[in-house]
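Structure first, commentary second.
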Amino acid sequence: MLVELDLDGAVVLVTGGVRGVGLGITRAFLAAGAVVVTCARRPAEVPGASFVPCDVRDANQVSELMSGIVAEQGRLDVVVNNAGGAPFALAAKASPRFHQKIVELNLLAPLLVSQAANAVMQSQPSGGSIVMVSSVSGRRPSPGTAAYGAAKAGLDNLTASLAVEWAPRVRVNALAVGMVRTEQSHLHYGSEAGIAAVERTVPLGRLASPDEVGACAVFLASPLASYVSGATLVVHGGGEVPAFLDAAKTDGGSS
């Protein structure tokens with residue numbers, strides 16, 4: 001039996017939905033028949049989706065964003081908190097201001113957007129669904145992006161807490177995303193040879209595509225996940241092959 005993820009006519013907001021993983025999420029919701037609104041600080045066009053400039057760290061801008069969506073569309077069914085990220089910076093050398101900005105973008109901004117979305121969704125007969133885009137960095141050491149990893153760990157806990165507070169009208173879930181091949185992969189992994197070497201560390205043998213992450217977001221937002229709330233779905237291709245397996249290998253298999 002073929003089950004399709006059909007969100008025909010649902011109104012969806014994807015923060016940071018114009019490039020990278022966010023673009024894959026936007027495309028997935030469009031393919032499922034949703035009306036998609038994207039937002040980011042810098043203007044960008046995504047065929048089939050509308051765009052509203054917004055800094056999701058700014059409460060006034062977020063309030064105007066939500067009011068505009070409701071005024072134009074009449075409702076808001078799904079929010080995907082995708083905006084986030086962090087450059088590489090060793091914790092001992094990064095400034096307090098740097099760490100503050102990373103936590104603000106990756107933890108406090110999703111909370112701010114979710115609060116505004118919940119205020120809309122609680123008044124709707126159909127409620128709504130919120131999906132956080134978290135990271136495997138919140139579940140394992142995150143050297144070079146320590147504040148980011150800590151913020152994502154907080155986002156996982158925030159997901160579970162909001163799911164309890166805002167039930168039964170609003171479901172809240174998260175995706176713990178692993179490595180994804182985007183237009184910026186070379187900045188993290190170097191050349192194609194470097195990317196290929198990284199892919200060999202993943203049990204499925206490759207990086208995810210943004211559209212695959214998008215499909216998981218659509219699932220969590222869809223009626224197929226109607227009894228799923230407070231969950232974090234891990235999307236990492238099996239994770240990472242434990243380093244000790246390679247370290248313990250010896251010629252001939254002897255110890």
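The values are calculated or read from the model by the stated rules, or taken from the named source; none is laboratory data. The structure displayed is predicted, hence computed values, not measured ones. In this analysis, Cβ positions are derived from the backbone assuming ideal geometry, glycine residues included, and neighbour counts consider all displayed protein chains. What goes into the accessible areas is simple: the full protein's heavy atoms, side chains included, and nothing from ligands, DNA or RNA. Shrake-Rupley method; radii C 1.70, N 1.55, O 1.52, S 1.80 Å.
Which cysteines in the chain lack any other cysteine whose Cβ sits under 4.7 Å from their own Cβ?
So, Cys216.
7 Å from Cα along Cα→Cβ at both Glu183 and Ser67: what's the point-to-point distance in nm?
3.3
Take the eigenvalues of the Cα gyration tensor for the chain, scale each by 5, and report the square roots as semi-axes in whole Å, largest first.
Equivalent ellipsoid of the chain: 32, 21, 18 Å, largest first.
Which of the aspartates and glutamates could a cross-linker bridge to Lys101, judged by Cα under 20 Å and excluding same-chain residues fewer than eight apart?
Hits, sequence-local ones excluded: Asp55, Asp58, Asp156.
Calculate one ³J(HN,Hα) per residue across segment 152-159 by plugging θ = phi - 60° into the Karplus curve 6.51 cos²θ - 1.76 cosθ + 1.60, and present them in order as whole Hz with x for glycine and proline.
5, 4, x, 5, 4, 5, 4, 4
Report the Stokes-Einstein translational diffusion coefficient (µm² s⁻¹, integer) for segment 48-89, Rh taken as the Kirkwood radius over Cα pairs, at 10 °C with viscosity 1.306 mPa s.
For the chosen part, D equals 131 µm²/s.
Considering only protein heavy atoms, what per residue accessible area in square angstrom results for segment 1-58 with a 1.4 angstrom probe?
Working: 2770 Å² over 58 residues.
Accessible area per residue: 48 Å².
Roughly speaking, to the nearest percent, how much of the chain's 1.4 Å accessible area is carbon and sulfur? Intermediate results must be reported in sequence, preceding the final value.
Details: 7330 of 12810 Å².
Carbon-and-sulfur percentage of accessible area, whole number: 57.
With Cβ to Cβ distances under 10 Å as the rule, what net charge do the other residues near Gly239 carry (K, R +1; D, E -1)?
+1
Give, rounded to the nearest 20 debye, the magnitude of the charge dipole that the chain has about its Cα centre when Lys and Arg contribute +1 at Cβ and Asp and Glu contribute -1 at Cβ.
Working: 18 positive and 20 negative charges, 125 e Å.
Using only the charged Cβ atoms, the result is roughly 600 debye.
Hey, can you find the accessible area per residue of segment 191-255 for me, probe 1.4 Å, expressed in square angstrom?
61
Rounded, prolate or oblate: which one fits segment 1-150, using the alpha carbon gyration tensor with axes a ≥ b ≥ c (rounded when a/c is under 1.5, else prolate when a/b beats b/c, else oblate)?
Prolate, because a/c is 1.5 or more and a/b exceeds b/c.
Beyond 17 Å, what percent of the Cα pairs of segment 63-118 remain?
Of the Cα pairs, 49 percent sit more than 17 Å apart.
What are the equivalent ellipsoid semi-axes of segment 114-255, built from the alpha-carbon gyration tensor (square roots of five times its eigenvalues), in whole angstrom, biggest first?
35, 16, 15
Could you work out the longest stretch of the chain that avoids the chymotrypsin sites (Phe, Trp or Tyr not before Pro) located in DSSP loops with at most 15 other Cβ atoms within 10 Å?
89-226
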